[in-house]
Amino acid sequence: MIKIENQRFIEYFRENFFQGNEIELKDFLENIPKDLSKTLRINTNKISVSDFLKFSELYEGFELEKTAIPNIFYTKKTDNNKYALGNTISHLLWITYIQELRASYSVYELSKWKVDREKYTILDMAASPGGKTTQLAEYYPNSIIVANEFTQNRITQLISNLERIGWNNFCVTNYNWVFFRDLPERFDKVLIDAPCSGEWIGFKAIETIKHWNIKKIKWLSGLQENLLERALVSVKVGWEILYSTCTLNKLENEWIIEYIEKKYPESFRVTYSKRFWPHVEKSGWFFVAKIEKLKSVETNFKKREAKNNKEIKKIDKASLEALSRFQKKYELDLWDSELYVYKSDILAIKRNPDFWELINDLYLTRLGQRIGNIVNWEFTPNYYLARDYELKNAKKIEIKSLDEVYDYLKGKEIETSLELEEKEYLIIAFKDLKIWGWYYSEWKVKNIFPKEWVVK
Ligand SMILES: C[S@@+](CC[C@H](N)C(=O)[O-])C[C@H]1O[C@@H](n2cnc3c(N)ncnc32)[C@H](O)[C@@H]1O
């Protein structure tokens, strides 16, 4: 068993949490290096939990065990697993998302444990790689979610995860959090999953605990205070902020929220907070706090000039005509989406009146979901469109066995006797799961599944 030897770390936790309780301290220390079983979040936008459980038992073979969150399950390998968790059909189709249980608690608490179909404007202030953003999209399917990430080189991964999971109610921004101070009272809910000392990875990389030191934590704590203060300005009165970290020390958690309560006693109230201990919850380390805004705070913000989202434009007439021809042919309904163009890509975002205002104030790196592009006045649909929208008039090919599905994923074409036009898009299905859009040429159906997802 790996032993925790950093005395500074042990002393800090003894003094702050386990005074006079050496047995519990020992239990805590022994549980840090334990690996946790992976948890899987089911995308209930695509499949109900009960249908997924049946499908998974038949085709994927993992043992699934309930967690405290209804659409998240612990997974255990069995002799029936042919593919790793990340290579199962459900994961490749993004019906499931591998997310650590601890990490899913912030959105779960923010949403009061239920899907809320009201229309809100939500800010995810530190979003990449996007685990919590995809969860926000799921719990708030009719809201607009602004997924902000400051670190430029983490934006691509954020966009890719948002696209993969197949929601169209988000936009991506690339601001330093300082920016949000100048956007007062614009959001109904704000999630701050703060950059932190990452104590939580203790169970994966014991090195983190080896180098644990209070000086570094104090420095981060200052950053977190700053981040939270900005976020508080941007939330509307009567609404709420969820602050979370993957740490357990007080400096990155209680200190931060106490600082806010002391500085703005009339404006903010902490309504809930919880620390997730590795030896109690068995879900990894985590801290969440919910803060309600009672009153505006005085700030000397400056109103920003309207941003000019030059690259993302409302869909033009020629593109709309090309798309309409496709829509007519395949009976594709896009009534619930606003359409935009970025370069030659067509972007669809869920209709929401608040979005009009937002687009004037934010410079967007991405908006909604890419559904295809226009080349030579023709609309070419992409994989996401085939997977996430209904093409009522598209012909369907059923794949009968799992092996055939994987052959297809690996790039094998399918021969068909269906009567097809020279270029026609088809839906491929496996056990009621709509899998991929296909393209017909020379009696063969080509694979247009994203290359980077193909199983090696
Ligand atoms: C704990 S991670 C977020 C994890 C993410 N919420 C998820 O669930 O996948 C914290 C993020 O804050 C970002 N960050 C760091 N400095 C920032 C700043 N000044 N403004 C906004 N985000 C920042 C980091 O790049 C990092 O992606």
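The values are calculated or read from the model by the stated rules, or taken from the named source; none is laboratory data. Keep in mind that what you see is a predicted model, and the values were worked out from it rather than measured. Ideal geometry is used to build each Cβ from the backbone, glycine not excepted, and the neighbour counts take in all protein chains shown. Accessible surface areas use protein heavy atoms only, side chains included; no ligands, DNA or RNA. Shrake-Rupley method; radii C 1.70, N 1.55, O 1.52, S 1.80 Å.
The single residue among Glu65, Glu60 that is charged (D, E, K, R) and over 27 Å from Tyr383 (Cα atoms) turns out to be Glu65.
With respect to (1) at negative phi; (2) surrounded by fewer than 22 Cβ atoms within 10 Å (Cβ to Cβ); (3) not hydroxyl-bearing (Ser, Thr, Tyr), the lone exception for Val146 is condition (2).
Within the stretch 151-191, being farther than 20 Å from Ile312 by Cβ, near the ligand (Cβ under 9 Å from one of its atoms), open to solvent by 10 Å² or more (accessible area, probe 1.4 Å) and not in a helix (DSSP H, G or I) holds for Thr151, Asn176. Among the residues making up the stretch 394-417, those that are within 23 Å of Leu332 (Cβ to Cβ) and modelled with pLDDT of 85 or more are Ala394, Lys395, Lys396, Ile397, Glu398, Ile399. Pairs are defined by a Cβ separation below 6 Å, a sequence spacing of at least 6 or placement on different chains, a first member in the stretch 227-250 that is closer than 18 Å to Asn176 by Cβ and touching a residue at least 12 places away in the same chain (Cβ under 8 Å), and a second member that is within 14 Å of the ligand (Cβ to nearest atom) and aromatic (Phe, Trp, Tyr); the pairs so defined are Leu227/Trp177; Leu228/Tyr243; Arg230/Trp177; Arg230/Phe180; Ser234/Phe180. Listed by position, the helices (runs of 4 or more DSSP H) inside the stretch 1-63 whose residues that are within 18 Å of Arg102 (Cβ to Cβ), open to solvent by less than 20 Å² (accessible area, probe 1.4 Å) and touching a residue at least 12 places away in the same chain (Cβ under 8 Å) number at least 2 are 22-31. Of the strands (runs of 3 or more DSSP E) lying entirely inside the stretch 357-428, those containing at least 3 residues that are open to solvent by 60 Å² or more (accessible area, probe 1.4 Å) span 395-398. Of the residues in the stretch 277-284, not one is surrounded by 21 or more Cβ atoms within 10 Å (Cβ to Cβ), polar (S, T, N, Q) and under 18 Å from Trp177 (Cβ atoms).
Take the conditions (1) near the ligand (Cβ under 9 Å from one of its atoms); (2) of a type outside the set (Asp, Glu); (3) without any contact (Cβ under 8 Å) to a residue 24 or more places away in the chain; Lys112 misses just one of them, which is (1). Inspect all residues belonging to the stretch 158-167 and state whether any of them is modelled with pLDDT under 90, charged (D, E, K, R) and within 24 Å of Ile32 (Cα to Cα). No; the residues of the stretch 158-167 include none that is modelled with pLDDT under 90, charged (D, E, K, R) and within 24 Å of Ile32 (Cα to Cα). Restricted to the stretch 123-137, and to residues there that are open to solvent by less than 10 Å² (accessible area, probe 1.4 Å) and within 20 Å of Thr44 (Cα to Cα), the residue that is farthest from the ligand (Cβ to nearest atom) is Ala137.
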